[in-house]
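The values are calculated or read from the model by the stated rules, or taken from the named source; none is laboratory data. None of the values given here were measured: they were computed from a predicted structure. Note that each Cβ is placed from the backbone with ideal geometry, even for glycine, and that neighbours are counted across all protein chains shown. For the accessible areas, the whole protein counts, side chains as well, though only heavy atoms, and no ligand, DNA or RNA atoms are used. Shrake-Rupley method; radii C 1.70, N 1.55, O 1.52, S 1.80 Å.
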Amino acid sequence: MQSTSLTQQQKLQTKLSPTQIQVIRMLELPSVELPQRINEELQENPALEEGSDEKEQWAAENGQDGGEARADEGQWGDEDRSERGEEGADSGADDRYEDAGSDRYEDALQNEDFNYEQYVSDDETPEYMYRSSNGQGADDGGQWTTDIPVTGGASLLEELKAQIYLTKMTKPQRHIAKWVIGNIDDDGYLRRTVEQLVDDLSFQEGLVVSDEEMADIVRQIKEFDPAGVASANLQECLLTQLRRKTQDETTLLAERILEKHFETFTKHHFNKIIQREGCSEEAFQAAVDEILHLNQKPANAFTGNVVYESHRSTIIPDFIVENRDGELILTLNTGDIPELHVSKEYSSMLEHYSKGKQTNADKEAVKFIRSKIDAARWFIDAIRQRNETLTRTMTSIMQFQQEWFQEGDEGSLKPMILQDIAERTGYDVSTISRVSNSKYVQTQFGIYPLKYFFSESMTNAQGEEVSTREIKRLLQETVSQEDKSKPLNDDQLVEVLEKEGYVIARRTVAKYREQMGIPVARLRKR
């Protein structure tokens, strides 16, 4: 018989409270997605309602909004920080996220003898003022948006389906053609082979067609407008467009370049093509210009695509920074986000059930109502803390980069990393990362992502600390002004930067060049 022994172990674990989890998730949401998240919570939790109550109206009438912050005001003092629980947490969530009343709520949920008077006290303020505080520049809906062109034209797929009826296809073939058009991607390419389309059609639609019939349908679709649509690759797309042009020496040479030397052409080995074709440099350059004027993405020719793509290009800034006579004013853009409070009806129901002797059914009802009220309070507090965290973080960024917000000169941006703002705010670095991700600020110089203001630093020849953004700007200007017939390689770019006082290794220049999407010298040659 084997003997068993008991051992005692001590472990240290970090658990996140419901409020912490709520706030972390809220911080990651940009302003454009927050209203949808609130609407989902309103639908799921009947104890959460939108609109203001008497306490909120009183706070608004007495000027207790607090929607603006100034760059030169030290409103985040030591006393204020101590009241908010300013310490950062190693787990990536700050201690300040801990709800002061969450322990009491948890105890109440486990307590069978529920006391309503103890649960809801007069000292507690379960609601908060949460409303729009936008200034000039907002549209009728209270949202700040960039000027995005939107058209009501038809999309590419709609236009292609309309052209089906201009062909001699039979009714079954038209049905297959519509299905094939549905496989065209956002760039206007049909990247599925005929065999793959036949297999997919059989599996998805239960229709069996031959490879020859499918190939004929695809061929007819490729003759639709815009030229190059439904092409399998870039080479076919460009060749289709060239063959629809008026044929002359230039277009014929361009067609031969794409048909016979496409890979060599993409690698910019132009001298090899000139030798193989036996043409002059002038004729070759004219053919290249003809190719460069072709549309690489046929779908872009249709403005109707803007209709269903516009939601992805619309930017709603989370912050608005105004310069009022040299004083920077920060406003958190709350847009069309509604005011929230705990339902008075649910509070009354809780008071009703708590009076007198409770049956088992009453206790279950009380438990359900309390869980919904607690969830509503946690959600409201999570949004309040989200607003406070966003405002404090953006205020620190505005103070750190105050010269840029006043002048808009990229050269005035100071080197700034996440740790710099974490030290100023008292938050954890992970919290600053969540705030800066997918967030935008509207300034008098345009709308910028918060990540724009973060950059590493290096020391120039004079011993001054400068932002790497300044080096990248100089690198971009150098490349844009170079002789395209003899583009500068990385070693030559290093020499140019050294003359400007920036001693940088070749591998660092290559890294910055790749980050900015600048190809190597050989691919920049014209």
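Quick notes
- Here L294 meets each of (1) assigned to a loop (DSSP other than H, G, I, E, B); (2) at pLDDT below 75 with one exception, condition (2).
- Looking only at residues in the range 416-448 that are part of a helix (DSSP H, G or I) and acidic (D, E), the one that is surrounded by the fewest Cβ atoms within 10 Å (Cβ to Cβ) is E423.
- Residues of the range 212-237 satisfying the condition of being touching a Cys at 6+ places or on another chain (Cβ under 8 Å) and either aromatic (F, W, Y) or open to solvent by 30 Å² or more (accessible area, probe 1.4 Å) (or both): none
- Any hit, the range 375-389, residues being open to solvent by less than 50 Å² (accessible area, probe 1.4 Å), assigned to a helix (DSSP H, G or I) and either closer than 26 Å to T468 by Cβ or among the hydroxyl-bearing types (S, T, Y) (or both): yes
- Extreme residue, modelled with the lowest pLDDT, among residues of the range 425-467 that are β-branched (V, I, T) and closer than 16 Å to W404 by Cα: V466
- Restricting the range 15-56 to residues that are in a loop (DSSP other than H, G, I, E, B) and loosely packed, with under 10 Cβ neighbours inside 10 Å leaves a set whose member that is modelled with the highest pLDDT is G51.
- Identity of the residue in the range 256-287, open to solvent by 80 Å² or more (accessible area, probe 1.4 Å) and of a type in the set (S, T, N, Q), that ends up nearest to A521 (Cα to Cα): N271
- M169 being open to solvent by less than 20 Å² (accessible area, probe 1.4 Å) and part of a loop (DSSP other than H, G, I, E, B): yes
- Scanning the range 299-339 for residues that are surrounded by 17 or more Cβ atoms within 10 Å (Cβ to Cβ) and at pLDDT 85 or above yields P317, D318, F319, I320, V321, E322, L328, L330, T331, L332, N333.
- Residue in the range 404-415 that is among the small types (G, A, S), in contact (Cβ under 8 Å) with a residue 24 or more places away in the chain and either surrounded by 18 or more Cβ atoms within 10 Å (Cβ to Cβ) or closer than 28 Å to I337 by Cα (or both) present: no
- The number of residues in the range 238-255 that are more than 16 Å from L292 (Cβ to Cβ) and either basic (K, R) or crowded, with 20+ Cβ neighbours inside 10 Å (or both) comes to 2.
- Filter result for P149 (open to solvent by less than 40 Å² (accessible area, probe 1.4 Å) and at pLDDT below 50): no
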